[in-house]
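For reference, the structure discussed in these notes is given below.
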Amino acid sequence: MIDLTRRIHSAERHLRRADPVLGRLIDKHGPCTLMHAPAPHFHTLVWAIINQQLSVKAALSIQQRLLKRLKTEIIEPRHLFRVRDSSLRQCGLSGAKVRYIREAARQVRTGALDLHALEVLDDDAAAEALMALPGVGRWTADMLLIFSFGHLDILPLGDLALKKSIRLAHDLPATAADEHYLALAESWRPWRSVASWYFWAAVD
């Protein structure tokens, strides 16, 4: 964790030099707290699945109801094997998301998926392994890479709030293609996750 903290400090110094917009965001929002207290990998995976295609407010409401129903603060695979689908649906989860979470729990519990083993893989290899799970696309994988595995050079362009924040801060046209965002973010390498954290902070 000490090494990660030092790397994030290095990221902040780099981003200040690379992009005056990010320099202003760093001044406004202070030190990046990414990975200060990461939740266990499976919990973060469930959180990411819940958040798919939902507003932050709606996803938080579902997560709070789910935690209350499971009587826990940290979701583990075993919790999903003692609750009915109907109870999960009553928390606000769609039928598809119930299936996705249950299958993830099954694979982790049986050892078919070892989330800790993914920590040492590079970005694309870890994302590919995660995307083998039903219902897990690149956005969901990117959330794990950033918020659970601590990969610091991820630019999750599947996140609409992030793109909007970048677009407004840099005065990009609404029709800007992903290539425009990627070109803009080249100067942020190898700290694009930290840059993303600041752009998210700007819209929280």
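The values are calculated or read from the model by the stated rules, or taken from the named source; none is laboratory data. The model shown is predicted, which means the values in this text are computed figures rather than measured ones. Please note: Cβ atoms are built from the backbone with ideal geometry, for glycine as well, and neighbour counts cover all protein chains shown.
Among the residues of region 16-31, are any part of a loop (DSSP other than H, G, I, E, B), without any contact (Cβ under 8 Å) to a residue 24 or more places away in the chain and not assigned by TED's automatic domain parsing to the domain that holds W197? No, the conditions are met nowhere in region 16-31. Of all positions in region 184-200, at least one carries a residue that is of a type in the set (A, V, I, L, M) and farther than 24 Å from L54 by Cα.
Listed here are the residues, each with its yes/no results for (1) of a type in the set (V, I, T); (2) crowded, with 16+ Cβ neighbours inside 10 Å; (3) over 24 Å from Y181 (Cβ atoms).
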| position | (1), (2), (3) |
| --- | --- |
| L4 | no, no, yes |
| P20 | no, no, no |
| M35 | no, yes, no |
| H43 | no, yes, yes |
| A59 | no, yes, no |
| Q64 | no, no, yes |
| R78 | no, no, yes |
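Of everything listed in (1) under 20 Å from W197 (Cα atoms); (2) crowded, with 20+ Cβ neighbours inside 10 Å, the single unmet condition for A126 is (1).
Does A11 satisfy being surrounded by 15 or more Cβ atoms within 10 Å (Cβ to Cβ) and either closer than 19 Å to I146 by Cβ or out of contact with any helix residue (DSSP H, G or I) (no Cβ under 9 Å at 6 or more places or on another chain) (or both)?
It is true that A11 is surrounded by 15 or more Cβ atoms within 10 Å (Cβ to Cβ) and either closer than 19 Å to I146 by Cβ or out of contact with any helix residue (DSSP H, G or I) (no Cβ under 9 Å at 6 or more places or on another chain) (or both).
If I filter region 125-145 for residues that are aromatic (F, W, Y), in the same structural domain as G30 (by TED's automatic domain parsing) and closer than 24 Å to Q63 by Cα, do I get at least one hit? No, because not a single residue in region 125-145 is aromatic (F, W, Y), in the same structural domain as G30 (by TED's automatic domain parsing) and closer than 24 Å to Q63 by Cα.
Here is a yes/no grid of residues against (1) closer than 25 Å to M131 by Cα; (2) of a type in the set (A, V, I, L, M); (3) under 22 Å from the mean Cα position of the chain (by Cα):
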| position | (1), (2), (3) |
| --- | --- |
| V56 | yes, yes, yes |
| I62 | yes, yes, yes |
| L70 | no, yes, no |
| I74 | yes, yes, yes |
| R82 | no, no, no |
| R99 | yes, no, yes |
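Taking the listed residues T110, T140, the one that is among the polar types (S, T, N, Q), out of contact with any strand residue (DSSP E or B) (no Cβ under 7 Å at 6 or more places or on another chain) and within 30 Å of K28 (Cβ to Cβ) is T140, with no other qualifying.
The sole residue among L80, L45, L93 that is in the same structural domain as V136 (by TED's automatic domain parsing), closer than 22 Å to G150 by Cβ and either in a helix (DSSP H, G or I) or of a type in the set (A, V, I, L, M, F, W, C) (or both) is L45. Within region 88-108, the set of residues being surrounded by 14 or more Cβ atoms within 10 Å (Cβ to Cβ) and over 30 Å from L152 (Cβ atoms) comprises L88, C91, G92, L93, S94, V98, R99, R102, R106.
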